[in-house]
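The values are calculated or read from the model by the stated rules, or taken from the named source; none is laboratory data. Since we're looking at a predicted model, the values are computed, not measured. Cβ placement follows ideal geometry from the backbone for every residue including glycine, while neighbour counts extend to all protein chains displayed.
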Amino acid sequence: MTLRSRTLSGGFLRRLHRDKRGVAAVEFALILPFMLLLYLGTAELTQGLMASRKSTLVARALSDLVAQLAAGSNMTDTETTNVFNAATAIMSPFPTTTLKMTITSVEFVANSARTNGYDAKPRWTITRNGGTARQCAVLTPVANTAAPASNNMPNGMYGAGSIIVADVSYAYQPPFGTAVLQWSTTDAAINMRQTTYMRPRNQTLIAMPTAVTGGTVCAAY
C-alpha cells in the first residue's frame with residue numbers, strides 16, 4: 001500500500017469516526033419497538049378498565065332499576081325488556097354481543113336453625129343473552145369476601161324481606177391483545193364478572209306473576 005493510499009484511508013476513517021449524521025435515526029430505530037409496545041399497552045389497559053367499569057355500572061343499573069319498582073308493580077315482560085335495554089345501553093361504545101345478564105329476586109325466609117337466622121330462597125330469575133340463572137334452591141351462605149356464584153349469598157346480605165341480585169358477565173376482546181401483544185396464550189377474551197345487590201325500595205317482595213321472556217318462577221321449596 002502506498003503512502004497516499006494509507007493517508008486517504010486514515011483520513012476516511014477519521015472523518016467516519018467524527019461523522020454524527022444518522023445517529024438520531026439509529027437511536028429512533030432502537031427505541032421504536034419499545035415505544036410502540038408502551039403505547040399499545042397503555043391504550044389497551046385504558047380500554048380494559050373502561051369496559052370493566054361499564055360492566056359494573058350495568059350490574060348496578062339492573063338491580064337498582066328493579067329495586068325501584070313502585071309498590072304494587074310486578075316484573076312483567078315490558079318492564080323486564082325496558083330494564084335490560086336501559087342497562088345494556090350503558091356499555092356503549094363497547095359491543096354487547098358477549099354481555100350476559102341475570103336478575104334474581106331472593107327472599108329471606110326465617111329459619112332459626114341457621115346461624116344468620118334465614119334461608120335465602122330465589123323466587124324468580126330472568127336471563128338475557130345467555131346469562132346464568134340462579135338455581136331454585138336455598139342459596140349457600142358464604143363470607144362477604146367470597147366470590148359471587150349462582151348458588152351462594154354473602155352473609156352480610158341476610159335480613160328480613162328480600163333482595164334483588166344482578167349478575168353480569170362480559171367477555172372483553174382486546175383490540176390489540178391477540179394480534180399484537182398476545183396478552184394470553186389460552187384465552188382470546190378477558191372475562192369480567194360483576195354482581196350487585198339491592199333491597200327493594202317500595203315493597204317487601206317484588207313478584208313476577210306472569211310469564212316473562214327468559215324468566216323462571218321458582219316453585220315452593
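For the reader, a short list of remarks on this structure follows.
- Within the range 34-59, residues that are β-branched (Val, Ile, Thr) reach partners that are surrounded by 13 or more Cβ atoms within 10 Å (Cβ to Cβ) and part of a helix (DSSP H, G or I) with beta carbons closer than 9 Å, at six or more positions or on different chains, in the pairs 58/87; 58/88.
- Scanning the range 119-156 for residues that are of a type in the set (S, T, N, Q) and either part of a strand (DSSP E or B) or touching a His at 6+ places or on another chain (Cβ under 8 Å) (or both) returns 125, 127, 140, 152.
- Scanning the range 97-113 for residues that are loosely packed, with under 15 Cβ neighbours inside 10 Å and either not hydrophobic (A, V, I, L, M, F, W, C) or not in a strand (DSSP E or B) (or both) yields a count of 4.
- Hey, residue 116 in contact (Cβ under 8 Å) with a residue 12 or more places away in the chain, among the polar types (S, T, N, Q), assigned to a loop (DSSP other than H, G, I, E, B) and surrounded by 15 or more Cβ atoms within 10 Å (Cβ to Cβ) or not: yes
- Any hit, the range 188-198, residues being at pLDDT 95 or above, part of a loop (DSSP other than H, G, I, E, B) and farther than 29 Å from residue 44 by Cβ: no
The rows are residues; the columns are (1) under 23 Å from the mean Cα position of the chain (by Cα); (2) modelled with pLDDT of 95 or more; (3) under 14 Å from residue 207 (Cβ atoms).
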| site | (1), (2), (3) |
| --- | --- |
| 54 | yes, yes, no |
| 92 | yes, no, no |
| 101 | yes, yes, no |
| 105 | yes, yes, yes |
| 118 | no, yes, no |
| 133 | yes, no, no |
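- When we screen 42, 46, 76 for residues that are touching a Ser or Thr at 6+ places or on another chain (Cβ under 7 Å), closer than 30 Å to residue 97 by Cβ and at pLDDT below 95, the only hit is 76.
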